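**Q** There's a structure below that I have some questions on.
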Amino acid sequence: MDVYLVPLGAERHELYCEVPDTFEEEEAVDTAQEPQEIATPGFLGRMKNRVTGFFKLWRDRFKEMLAEAERDRRESQHAKPAAGWAGQVKARTMRWVAESIAEQRLLWHLRRQVEACLHHPDDMTESKAAEDLRSSLARDYEKHRRWLIIDALSFAVSGVFMLVPGPNLIAYFFAFRLVGHYFSLRGARQGLDCITWRFVTSPPLTELRRAIALEPDARVLRVHDVASRLRLEHLVSFFERAAIPAR
(Lines give C-alpha, C1' and ligand atoms only; values in the text may rest on other atoms or scores of the structure.)
Protein backbone atom coordinates (compact mmCIF):
# COMPACT_ATOMS: atom_id res chain seq x y z
CA MET A 1 0.00 0.00 0.00
CA ASP A 2 1.35 3.44 -0.96
CA VAL A 3 0.82 6.31 1.49
CA TYR A 4 1.91 9.89 0.84
CA LEU A 5 3.03 12.43 3.41
CA VAL A 6 1.62 15.54 1.76
CA PRO A 7 3.07 18.91 2.83
CA LEU A 8 0.39 21.44 3.76
CA GLY A 9 2.79 24.10 5.02
CA ALA A 10 6.36 24.64 6.15
CA GLU A 11 6.08 22.08 8.96
CA ARG A 12 2.58 20.66 8.52
CA HIS A 13 1.91 17.35 6.77
CA GLU A 14 -1.01 14.99 6.34
CA LEU A 15 -1.22 11.34 5.32
CA TYR A 16 -2.94 10.69 2.01
CA CYS A 17 -3.66 7.69 -0.19
CA GLU A 18 -5.87 6.65 -3.08
CA VAL A 19 -7.36 3.19 -3.05
CA PRO A 20 -10.15 1.41 -4.97
CA ASP A 21 -13.71 2.56 -4.35
CA THR A 22 -15.10 -0.89 -3.61
CA PHE A 23 -14.73 -2.77 -0.34
CA GLU A 24 -16.28 -6.10 -1.33
CA GLU A 25 -13.06 -8.01 -2.09
CA GLU A 26 -11.11 -6.81 0.93
CA GLU A 27 -14.07 -7.27 3.27
CA ALA A 28 -14.33 -10.87 2.08
CA VAL A 29 -10.67 -11.36 2.96
CA ASP A 30 -11.18 -9.66 6.31
CA THR A 31 -14.12 -11.91 7.13
CA ALA A 32 -12.21 -15.03 6.08
CA GLN A 33 -9.36 -14.08 8.42
CA GLU A 34 -11.60 -13.63 11.46
CA PRO A 35 -10.93 -16.21 14.18
CA GLN A 36 -13.42 -19.03 14.51
CA GLU A 37 -15.97 -18.64 17.26
CA ILE A 38 -15.37 -20.76 20.35
CA ALA A 39 -18.58 -22.02 21.87
CA THR A 40 -19.27 -20.61 25.33
CA PRO A 41 -22.00 -22.38 27.30
CA GLY A 42 -24.77 -20.84 29.35
CA PHE A 43 -25.75 -17.21 29.80
CA LEU A 44 -22.33 -15.81 28.83
CA GLY A 45 -22.45 -17.77 25.59
CA ARG A 46 -25.88 -16.39 24.68
CA MET A 47 -24.77 -12.82 25.44
CA LYS A 48 -21.59 -13.25 23.39
CA ASN A 49 -23.57 -14.57 20.43
CA ARG A 50 -25.98 -11.66 20.61
CA VAL A 51 -23.20 -9.08 20.69
CA THR A 52 -21.36 -10.80 17.82
CA GLY A 53 -24.52 -11.06 15.74
CA PHE A 54 -25.42 -7.43 16.47
CA PHE A 55 -22.05 -6.14 15.31
CA LYS A 56 -22.04 -8.27 12.16
CA LEU A 57 -25.53 -7.01 11.30
CA TRP A 58 -24.48 -3.36 11.52
CA ARG A 59 -21.19 -4.06 9.74
CA ASP A 60 -23.13 -5.52 6.80
CA ARG A 61 -25.46 -2.51 6.74
CA PHE A 62 -22.42 -0.24 6.94
CA LYS A 63 -20.90 -1.91 3.84
CA GLU A 64 -24.20 -1.60 1.97
CA MET A 65 -24.31 2.13 2.72
CA LEU A 66 -20.69 2.51 1.61
CA ALA A 67 -21.43 0.81 -1.70
CA GLU A 68 -24.49 2.98 -2.30
CA ALA A 69 -22.60 6.18 -1.42
CA GLU A 70 -19.78 5.26 -3.80
CA ARG A 71 -22.27 4.59 -6.63
CA ASP A 72 -23.95 7.94 -6.00
CA ARG A 73 -20.58 9.72 -5.99
CA ARG A 74 -19.55 8.18 -9.33
CA GLU A 75 -22.93 8.95 -10.92
CA SER A 76 -23.45 12.41 -9.40
CA GLN A 77 -22.10 14.24 -12.45
CA HIS A 78 -24.86 12.81 -14.65
CA ALA A 79 -27.64 12.51 -12.10
CA LYS A 80 -30.72 14.75 -12.03
CA PRO A 81 -31.46 16.78 -8.87
CA ALA A 82 -33.32 14.73 -6.27
CA ALA A 83 -37.07 15.25 -6.33
CA GLY A 84 -39.11 15.74 -3.19
CA TRP A 85 -38.20 16.12 0.46
CA ALA A 86 -37.26 12.47 0.96
CA GLY A 87 -35.03 12.46 -2.11
CA GLN A 88 -33.19 15.59 -1.00
CA VAL A 89 -32.65 14.19 2.50
CA LYS A 90 -31.26 10.97 1.05
CA ALA A 91 -28.99 12.88 -1.35
CA ARG A 92 -27.58 14.97 1.50
CA THR A 93 -27.10 11.86 3.63
CA MET A 94 -25.19 10.12 0.82
CA ARG A 95 -22.98 13.19 0.36
CA TRP A 96 -22.18 13.14 4.06
CA VAL A 97 -21.40 9.42 3.88
CA ALA A 98 -19.13 10.00 0.86
CA GLU A 99 -17.25 12.73 2.74
CA SER A 100 -16.83 10.40 5.73
CA ILE A 101 -15.48 7.71 3.41
CA ALA A 102 -12.92 10.10 1.93
CA GLU A 103 -11.80 11.25 5.37
CA GLN A 104 -11.31 7.77 6.87
CA ARG A 105 -10.49 5.65 3.82
CA LEU A 106 -6.75 5.49 4.55
CA LEU A 107 -7.25 4.15 8.08
CA TRP A 108 -9.89 1.66 6.96
CA HIS A 109 -7.46 0.16 4.46
CA LEU A 110 -4.50 0.20 6.83
CA ARG A 111 -6.25 -2.18 9.19
CA ARG A 112 -5.43 -5.23 7.05
CA GLN A 113 -1.95 -4.25 5.80
CA VAL A 114 1.31 -5.78 7.01
CA GLU A 115 3.63 -3.73 4.79
CA ALA A 116 3.30 -0.20 3.43
CA CYS A 117 5.42 2.43 1.71
CA LEU A 118 5.47 6.03 2.90
CA HIS A 119 6.43 8.54 0.20
CA HIS A 120 7.70 11.76 1.78
CA PRO A 121 9.20 15.05 0.52
CA ASP A 122 12.91 14.81 -0.18
CA ASP A 123 13.63 17.91 1.92
CA MET A 124 12.93 15.97 5.14
CA THR A 125 14.86 13.10 6.68
CA GLU A 126 13.53 9.57 7.04
CA SER A 127 13.54 9.89 10.83
CA LYS A 128 11.43 13.08 10.60
CA ALA A 129 9.03 11.37 8.18
CA ALA A 130 8.72 8.41 10.57
CA GLU A 131 8.06 10.79 13.47
CA ASP A 132 5.34 12.62 11.55
CA LEU A 133 3.80 9.31 10.51
CA ARG A 134 3.57 8.00 14.06
CA SER A 135 2.34 11.34 15.40
CA SER A 136 -0.45 11.42 12.83
CA LEU A 137 -1.53 7.83 13.50
CA ALA A 138 -1.39 8.38 17.27
CA ARG A 139 -3.64 11.45 16.96
CA ASP A 140 -6.05 9.49 14.78
CA TYR A 141 -6.09 6.62 17.28
CA GLU A 142 -6.98 8.90 20.19
CA LYS A 143 -9.57 10.82 18.17
CA HIS A 144 -11.40 7.73 16.95
CA ARG A 145 -11.23 6.04 20.34
CA ARG A 146 -12.88 9.09 21.90
CA TRP A 147 -15.59 9.26 19.24
CA LEU A 148 -16.14 5.50 19.40
CA ILE A 149 -17.10 5.84 23.07
CA ILE A 150 -19.29 8.89 22.43
CA ASP A 151 -21.12 7.31 19.50
CA ALA A 152 -21.59 4.01 21.35
CA LEU A 153 -23.35 5.87 24.17
CA SER A 154 -25.35 7.95 21.69
CA PHE A 155 -26.41 4.82 19.80
CA ALA A 156 -27.60 3.23 23.04
CA VAL A 157 -29.62 6.35 23.93
CA SER A 158 -31.10 6.51 20.40
CA GLY A 159 -32.93 3.26 21.17
CA VAL A 160 -35.72 5.31 22.79
CA PHE A 161 -36.73 6.47 19.29
CA MET A 162 -37.70 2.90 18.40
CA LEU A 163 -41.11 3.83 19.83
CA VAL A 164 -41.55 6.36 17.00
CA PRO A 165 -43.13 4.88 13.83
CA GLY A 166 -40.86 4.60 10.79
CA PRO A 167 -37.13 3.94 10.41
CA ASN A 168 -34.93 5.01 13.31
CA LEU A 169 -32.70 7.40 11.33
CA ILE A 170 -30.95 8.61 14.49
CA ALA A 171 -29.88 5.07 15.34
CA TYR A 172 -28.70 4.50 11.77
CA PHE A 173 -26.64 7.70 11.94
CA PHE A 174 -24.85 6.72 15.14
CA ALA A 175 -24.48 3.09 14.00
CA PHE A 176 -22.70 4.25 10.85
CA ARG A 177 -20.39 6.48 12.86
CA LEU A 178 -19.81 3.71 15.41
CA VAL A 179 -18.65 1.16 12.83
CA GLY A 180 -16.64 3.77 10.93
CA HIS A 181 -14.74 4.88 14.04
CA TYR A 182 -14.14 1.25 14.98
CA PHE A 183 -12.57 0.53 11.58
CA SER A 184 -10.47 3.71 11.83
CA LEU A 185 -9.31 2.80 15.33
CA ARG A 186 -8.16 -0.61 14.09
CA GLY A 187 -6.37 0.98 11.13
CA ALA A 188 -4.49 3.48 13.29
CA ARG A 189 -3.42 0.75 15.72
CA GLN A 190 -2.33 -1.50 12.84
CA GLY A 191 -0.24 1.32 11.41
CA LEU A 192 1.41 1.99 14.76
CA ASP A 193 2.11 -1.55 15.94
CA CYS A 194 1.97 -4.08 13.11
CA ILE A 195 2.83 -2.56 9.72
CA THR A 196 6.42 -2.63 8.46
CA TRP A 197 6.97 0.77 6.86
CA ARG A 198 9.33 1.48 3.99
CA PHE A 199 10.33 5.10 3.37
CA VAL A 200 10.90 6.58 -0.09
CA THR A 201 11.81 10.19 -0.91
CA SER A 202 9.59 11.95 -3.44
CA PRO A 203 10.78 15.19 -5.12
CA PRO A 204 7.28 15.91 -6.53
CA LEU A 205 5.92 16.11 -2.97
CA THR A 206 8.55 18.73 -2.17
CA GLU A 207 7.22 20.80 -5.07
CA LEU A 208 3.81 20.86 -3.38
CA ARG A 209 5.33 22.70 -0.43
CA ARG A 210 6.66 25.37 -2.78
CA ALA A 211 3.35 25.53 -4.64
CA ILE A 212 1.51 26.89 -1.59
CA ALA A 213 3.10 30.32 -2.02
CA LEU A 214 2.21 30.59 -5.72
CA GLU A 215 -0.65 32.58 -7.20
CA PRO A 216 -3.86 30.51 -7.54
CA ASP A 217 -3.62 29.86 -11.29
CA ALA A 218 0.06 28.92 -11.14
CA ARG A 219 -0.53 26.80 -8.05
CA VAL A 220 -3.30 24.79 -9.69
CA LEU A 221 -1.10 24.07 -12.70
CA ARG A 222 1.78 22.98 -10.48
CA VAL A 223 -0.41 20.71 -8.35
CA HIS A 224 -1.99 19.18 -11.46
CA ASP A 225 1.49 18.42 -12.76
CA VAL A 226 2.52 16.78 -9.47
CA ALA A 227 -0.72 14.77 -9.31
CA SER A 228 -0.15 13.54 -12.88
CA ARG A 229 3.42 12.48 -12.13
CA LEU A 230 2.37 10.65 -8.98
CA ARG A 231 -0.74 9.23 -10.69
CA LEU A 232 -3.03 10.48 -7.94
CA GLU A 233 -6.41 11.35 -9.43
CA HIS A 234 -7.88 13.27 -6.48
CA LEU A 235 -4.74 14.94 -5.10
CA VAL A 236 -5.61 18.35 -6.55
CA SER A 237 -8.94 18.67 -4.73
CA PHE A 238 -7.43 17.29 -1.51
CA PHE A 239 -4.51 19.72 -1.62
CA GLU A 240 -6.66 22.76 -2.36
CA ARG A 241 -9.05 21.84 0.44
CA ALA A 242 -6.43 21.00 3.06
CA ALA A 243 -3.55 23.36 2.32
CA ILE A 244 -5.23 26.54 1.06
CA PRO A 245 -7.33 28.42 3.64
CA ALA A 246 -10.81 29.47 2.61
CA ARG A 247 -11.24 33.15 1.83
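**Q** On a full-extension model of 0.36 nm per residue, what is the gain between ALA156 and SER135, subtracting their alpha-carbon distance, rounded to one decimal in nm?
**A** That pair, ALA156 and SER135, stretches by 4.4 nm at full extension.
**Q** Got a sec? What order do MET1, MET124 fall in by accessible area at 1.4 Å, biggest, i.e. largest, first?
**A** MET1, MET124
**Q** If you don't mind, there's one more thing I want to ask. Residue-wise, which Karplus ³J(HN,Hα) couplings in Hz belong to region 6-19, taking 6.51 cos²θ - 1.76 cosθ + 1.60, θ = phi - 60°, and x for glycine or proline?
**A** Result, rounded to whole Hz: 8, x, 10, x, 4, 10, 9, 9, 9, 6, 8, 8, 10, 9.
**Q** A further question follows. Residue-wise, which Karplus ³J(HN,Hα) couplings in Hz belong to region 216-228, taking 6.51 cos²θ - 1.76 cosθ + 1.60, θ = phi - 60°, and x for glycine or proline?
**A** These are the phi-based 3J(HN,Hα) values: x, 5, 5, 5, 4, 4, 5, 5, 4, 5, 5, 4, 5 Hz.
**Q** Given R₀ = 25 Å, what would the calculated FRET efficiency be for LEU214 paired with GLU126, taking r from the Cβ atoms and rounding to 0.05?
**A** Plugging the Cβ-Cβ distance into 1/(1 + (r/R0)^6) gives 0.35.
**Q** Which far-off residues, 5 or more places away or on another chain, put their amide H under 5 Å from the one on PHE199, with H placed in the peptide plane?
**A** Correct list: LEU118.
**Q** Rank these residues by their accessible area, most exposed first, probe 1.4 Å: ILE195, ILE149.
**A** Largest accessible area first, the residues go ILE149, ILE195.
The values are calculated or read from the model by the stated rules, or taken from the named source; none is laboratory data. These figures come from a predicted structure and were not determined experimentally. In this analysis, Cβ positions are derived from the backbone assuming ideal geometry, glycine residues included, and neighbour counts consider all displayed protein chains. Quick note on the areas: whole protein, heavy atoms, side chains included, nothing else; ligands and nucleic acids left out. Shrake-Rupley method; radii C 1.70, N 1.55, O 1.52, S 1.80 Å.
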